[in-house]
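Take a look at the structure below.
The values are calculated or read from the model by the stated rules, or taken from the named source; none is laboratory data. Everything numeric here is computed off the predicted structure, so don't read it as measured data. Using ideal geometry, Cβ is built from the backbone for each residue, glycine included, and neighbour counts are taken over all protein chains shown.
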Amino acid sequence: MYLLLRKLLSIVFYIKYRIKVLHPERIPKLKGGYIIACNHQSNLDPPMVAAVIKGKFSFMAKEELFHINGFVTFVIKHCGAFPIARGAGDDAPIQMSIEAVKKNRILVIFPEGTRSKTGVIGRVKSGVVLIASEADVPVLPVCIRYDEKKHVTMDIGEMLPAESVKIDPNDRHSMRRSAKVIGEALHSLQKEIYDTAGLPVPTDGKEKPGSAGDSE
């Protein structure tokens with residue numbers, strides 16, 4: 001069922017959104033066991049990633065999506081989603097994420113923690129760093145842009161080795177440094193996308209690449 005859904009999803013999305021992929025050669029040959037850290041602009045981001053990159057995915061989805069209707073619940077569950085209640089205050093989503101990636105799934109994370117309405121990439125929160133460090137897995141940065149016609153450009157970054165985002169428990173600054181590595185990679189990909197389109201990168205003059213904040 002999963003493979004059929006993924007194949008149909010890929011065909012429909014490539015046709016409907018005319019997906020253009022920059023650096024497809026960087027897509028890992030690994031079938032799982034790593035994290036994708038992607039900027040977040042739309043509810044379409046998870047299936048958009050799944051349409052381009054092959055593998056079995058897991059990703060956090062806001063709890064409300066599981067209560068829209070039976071069909072939506074069926075689809076997102078079979079695509080590897082698990083619910084997260086915002087503000088619940090427990091570490092269950094983090095532990096579920098760690099377990100998923102340790103089971104050789106591809107964990108899709110949106111490290112900003114919320115969608116950007118302006119296209120500006122926000123602060124990288126600590127959740128992605130905690131998960132990557134605890135699971136001891138590499139991180140693949142990915143950036144998506146939707147143009148005014150809803151066509152999509154996706155830029156695939158270089159895989160960040162597990163050691164480059166590993167947290168040193170004896171160094172309180174290590175989380176910030178690791179978040180900065182991921183944030184800078186995302187900003188670099190976004191700049192390449194906009195440079196290719198001949199457009200300026202969105203900015204609000206406030207965010208600094210990769211600043212770590214509260215856990216997701």
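Out of 101, 128, 120, 108, report the one residue that is in contact with a Pro (Cβ under 7 Å, 6 or more places away or on another chain), on the phi < 0 side of the Ramachandran plot and assigned to a helix (DSSP H, G or I). Explain how you work it out, then say what you get.
Numbers: 101 fails: in contact with a Pro (Cβ under 7 Å, 6 or more places away or on another chain); 120 fails: assigned to a helix (DSSP H, G or I); 108 fails: assigned to a helix (DSSP H, G or I).
Sole residue among the options that is in contact with a Pro (Cβ under 7 Å, 6 or more places away or on another chain), on the phi < 0 side of the Ramachandran plot and assigned to a helix (DSSP H, G or I): 128.
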Given (1) under 21 Å from residue 100 (Cα atoms); (2) at pLDDT 95 or above; (3) not in a loop (DSSP other than H, G, I, E, B), number of the condition residue 137 does not satisfy: (3)
Answer yes or no: is there a residue in the stretch 105-112 that is among the basic types (Lys, Arg), touching a strand residue (DSSP E or B) at 6+ places or on another chain (Cβ under 7 Å) and surrounded by 13 or more Cβ atoms within 10 Å (Cβ to Cβ). yes
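If you check residue 57 against the conditions, is it touching a Lys or Arg at 6+ places or on another chain (Cβ under 8 Å), under 16 Å from residue 100 (Cα atoms) and among the aromatic types (Phe, Trp, Tyr)?
Values: touching a Lys or Arg at 6+ places or on another chain (Cβ under 8 Å): yes; under 16 Å from residue 100 (Cα atoms): yes; among the aromatic types (Phe, Trp, Tyr): yes.
Criteria met by residue 57.
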For residue 43: the one exception among (1) closer than 21 Å to residue 202 by Cα; (2) surrounded by 15 or more Cβ atoms within 10 Å (Cβ to Cβ): (2)
Residue 198 passes all but one of (1) surrounded by 11 or more Cβ atoms within 10 Å (Cβ to Cβ); (2) more than 24 Å from residue 135 (Cβ to Cβ); (3) modelled with pLDDT of 90 or more; which number fails? (1)
If I ask for residues that are at pLDDT 80 or above and charged (D, E, K, R), which ones from the stretch 49-90 would you list? 54, 56
Given the conditions (1) surrounded by fewer than 20 Cβ atoms within 10 Å (Cβ to Cβ); (2) touching a His at 6+ places or on another chain (Cβ under 7 Å), and given that residue 155 satisfies all but one, which numbered condition is not satisfied? (1)
Starting from the stretch 168-194, keep only residues that are at pLDDT 90 or above and among the β-branched types (Val, Ile, Thr), then list their pairs with residues that are surrounded by fewer than 17 Cβ atoms within 10 Å (Cβ to Cβ) and in a helix (DSSP H, G or I) whose Cβ atoms are within a distance under 6 Å, requiring at least 6 positions of separation or different chains. 181/164
